[in-house]
């Protein structure tokens, strides 16, 4: 009996040794590939960060001595020492406010309808496909669409309202997709528990689903508005001018924005205008980072409430 046990143990040990010999080369190969790809991805991150640091350093160096309060409060001029960015700065703020007020409610409401109310049939699948495709459409196409619908059909003219509505169309698919993904991340058990306690479907969405999904929605809003603030192609067809000496006072006024003003300065042959363009880039980055910081603060605030 002991001999049989010893022979079985011996055969089992030989089998395990053979398996180890068989899988050890594969394991080492996988570990080697993991290490190689790890360093490849790390190198890609380093290259991207290094390029960003070099670009920012070059911009800060060119803008040194030109970025001051007079530059912020002055209008564009043919003379570099008198040129400022006031009209473009206020135009960008107006444009972002209009874009956010239109795109965020419409985008979130569309996502709520598609995820919470719409039936999952072929029509739903077609809508989902079109929304995903619209997120990848070139931005100039939205500019032509805005020119046709808002400027000509709705007769809004080349106003800041037409520009804001055009930019809202541009970022609307991004907000819808991000909001849908955030709504899908909420467990169905939360919905069922709320309905079981007697809440209506809208009450469940209002008090359970939306508060829990708000951090993810705000993340999509941050990405969408960050894209909108740097776009120029959609605004050129709807009339964002390069030389404006007034600040918008209502929704029907003409306007310009920071990216277009910066491009106008970089196209000038004088080196002074390129330094002014660098100062304009710094202002644009400050506006972008301030806007993103506000959105991130709100996201983290609501995220803490969800965790609690």
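The values are calculated or read from the model by the stated rules, or taken from the named source; none is laboratory data. In this text, all values refer to a predicted model and were calculated from it rather than measured experimentally. Using ideal geometry, Cβ is built from the backbone for each residue, glycine included, and neighbour counts are taken over all protein chains shown.
Couple of notes before you dig in:
- Among the residues of segment 77-86, at least one is at pLDDT 85 or above and touching a helix residue (DSSP H, G or I) at 6+ places or on another chain (Cβ under 6 Å).
- Checking segment 97-104 against the condition returns a match, with at least one residue being modelled with pLDDT of 85 or more, farther than 22 Å from residue 249 by Cβ and in contact with a helix residue (DSSP H, G or I) (Cβ under 9 Å, 6 or more places away or on another chain).
- Here residue 235 meets each of (1) assigned to a helix (DSSP H, G or I); (2) crowded, with 17+ Cβ neighbours inside 10 Å; (3) touching a helix residue (DSSP H, G or I) at 6+ places or on another chain (Cβ under 6 Å) with one exception, condition (1).
- Residues that are part of a helix (DSSP H, G or I) and surrounded by fewer than 21 Cβ atoms within 10 Å (Cβ to Cβ) were ranked within segment 263-277; the one that is modelled with the lowest pLDDT is 271.
- Residue in segment 24-33 that is surrounded by 10 or more Cβ atoms within 10 Å (Cβ to Cβ), part of a helix (DSSP H, G or I) and modelled with pLDDT of 85 or more present: no
- All of 165, 145 fail the test of being surrounded by 19 or more Cβ atoms within 10 Å (Cβ to Cβ) and modelled with pLDDT of 85 or more, apart from 165.
- The single residue among 187, 138 that is modelled with pLDDT under 90 and within 30 Å of residue 239 (Cα to Cα) turns out to be 138.
- Taking residues in segment 38-61 that are assigned to a helix (DSSP H, G or I), and partners anywhere that are modelled with pLDDT under 90 and surrounded by fewer than 10 Cβ atoms within 10 Å (Cβ to Cβ), not one pair has Cβ atoms closer than 8 Å while being at least 6 places apart or on different chains.
- Any hit, segment 170-190, residues being crowded, with 22+ Cβ neighbours inside 10 Å, within 24 Å of the chain's Cα centre (by Cα), in contact (Cβ under 8 Å) with a residue 24 or more places away in the chain and over 20 Å from residue 214 (Cα atoms): yes
- Set side by side, the residues 213, 226, 132 differ, and just one is buried (at least 19 other Cβ atoms within 10 Å of the Cβ) and in a helix (DSSP H, G or I), which is 213.
- Residue 252 being at pLDDT 85 or above and in a loop (DSSP other than H, G, I, E, B): yes
- Here 173, 211, 215 are screened, and the one residue that is assigned by TED's automatic domain parsing to the domain that holds residue 112 and modelled with pLDDT of 90 or more is 173.
- Number of positions in segment 62-91 that are touching a residue at least 40 places away in the same chain (Cβ under 8 Å), assigned to a loop (DSSP other than H, G, I, E, B) and crowded, with 18+ Cβ neighbours inside 10 Å: 5
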